[in-house]
Each structure stands twice: as C-alpha cells, then as structure tokens.
Amino acid sequence: KDGSYAGWEVKELTDLVCDTEVMATYTRYKTTIASEQTRSNSQSAILVDGEFHEDDKLTCVLDYSDIPDIKDVKEHWTIDYNYDGKENHLVRFMKPDNMERDAVIYISHAGKWEKVDTTLFGSYSTFEVSGSHAEIAIAEAPVDYTLYIVGAVIVVIILIAVVIVIKKIKKRKKKWIK
C-alpha cells in the first residue's frame with residue numbers, strides 16, 4: 001500500500017506444512033521526524049523528511065567543543081536518523097535566535113566542509129543530505145555591503161552634479177554682472 005508499511009501479526013513462521021493466513025496491519029509512514037531541541041518559539045531546530053516508521057527517531061547533538069574552522073560558525077550539529085531506504089533526505093534547519101543575518105550551512109564530507117545550497121521554507125532553511133547521518137555547521141552570512149556601496153556611489157554622483165550646477169550658476173551670474 002503506497003505511503004504505508006506493513007506490520008505482520010506473526011513475526012516468524014517455521015515448519016509450515018499447510019496454508020497459513022497471516023494478517024498485516026498497514027501503518028502510514030511518518031513523513032517528518034523532529035529534533036527534541038527547540039528554538040525560543042518552541043519549534044524544532046531540525047526536521048528531516050522521509051518515509052519513517054512510527055518509532056523512528058531523529059537524534060541531534062549540538063557540539064560546541066569541536067567547532068569547525070569556518071568563519072562565523074554559530075553551531076555544530078551531528079544528526080542521525082533511521083535508514084528508510086531513501087538515498088537522500090530533505091533537512092529543514094531553523095537558525096539560532098542569536099543570528100541576525102541569514103544562515104550559511106556546511107556539511108562535512110569525509111572530513112572536508114562544503115557549503116550547501118539552501119532554500120527558504122517558512123522559518124526553515126532546507127537542504128539535501130545523503131544517507132542517515134550528517135555533520136553540519138551553521139555560520140552567519142557575511143554582511144552584504146553592496147547596498148552601502150551603491151548608496152555611496154549615488155551620493156558622490158549627486159554631489160558632483162550639484163558642484164557642476166553651482167559652477168554654471170556662478171559663471172552665468174558673472175556674465176550678467178559684466
């Protein structure tokens with residue numbers, strides 16, 4: 001049955017000599033498992049999407065003692081969850097309350113940290129993880145100075161235009177006076 005898994009009434013059959021009827025109970029997959037760790041709004045810090053059984057759990061360990069050598073790292077997590085047969089899982093991460101800028105997420109692959117592409121889904125940043133274990137680091141995005149630079153350039157252009165206009169006005173006044 002799609003979207004469900006079977007739980008068998010009889011767990012083990014031995015010495016079968018005739019037809020035996022065994023009943024299966026279908027249980028819908030849990031499509032999301034949540035971390036016990038929550039943010040100040042009482043929502044889970046981490047969610048993992050998949051096809052999980054009723055008793056499957058997400059184990060998340062926040063480790064401040066082993067911070068990766070990445071600029072502005074705020075959190076370092078190890079996440080583990082039951083293997084559900086899928087190669088990839090969508091992870092949803094809610095940034096810490098003390099982060100003012102966007103979260104930049106890194107995943108450790110064989111000891112090497114790689115920045116992952118994320119999309120925003122409500123309050124969560126989402127990204128793909130392969131397997132049933134991941135080590136992630138959360139860094140604060142650098143300040144984007146683009147708006148400040150564009151603003152400064154506009155101010156300089158306006159000042160230059162004002163100076164040119166004032167010079168032209170002074171030239172015209174001198175012509176009128178003569």
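The values are calculated or read from the model by the stated rules, or taken from the named source; none is laboratory data. Remember, it's a predicted structure, so these values are computed and weren't measured experimentally. As a convention, Cβ positions derive from the backbone with ideal geometry for all residues, glycine included, and neighbour counts pool all protein chains shown. Keep in mind that these areas ignore ligands, DNA and RNA; they rest on the heavy atoms of the full protein, side chains included. Shrake-Rupley method; radii C 1.70, N 1.55, O 1.52, S 1.80 Å.
A few notes on this one:
- Cβ-defined net charge surrounding ALA141, 13 Å radius [Lys, Arg +1; Asp, Glu -1]: 0
- Rolling a 1.4 Å probe over the protein heavy atoms gives the range 24-178 an accessible area of 69 Å² per residue.
- Under a Gaussian network description of the chain, with springs only between Cα atoms under 10 Å, the residue in LEU13, LEU62, LEU47 that fluctuates furthest is LEU13.
- In the chain the Cα-Cα distances spread across 5 Å bins starting at 0 as 1, 7, 11, 13, 12, 8, 7, 6, 6, 5, 4, 4, 3, 3, 2, 2, 1, 1, 1, 1, 0, 0, 0, 0, 0, 0 percent of all pairs.
- Counting protein heavy atoms only, the range 75-156 has 54 percent of its accessible area on carbon and sulfur, 1.4 angstrom probe.
- Legend: distances between Cα atoms for LYS57/LYS112; LYS11/LYS86; LYS57/LYS115; LYS71/LYS115; pairs beyond 22 Å are LYS57/LYS112; LYS11/LYS86; LYS57/LYS115.
- Along the chain, longest interval not containing exposed GluC sites (Glu not before Pro), exposed being DSSP loop plus at most 10 other Cβ atoms within 10 Å: 101-178
- Computed about its Cα centre, the charge dipole of the chain is approximately 3880 debye, with only Lys, Arg, Asp and Glu carrying charge at their Cβ.
- Helical content of the chain, expressed as a calculated mean residue ellipticity at 222 nm, amounts to -6500 deg cm²/dmol (DSSP H runs of 4 or more residues, -39,500 (n - 2.57) each, divided by residue number, nearest 500).
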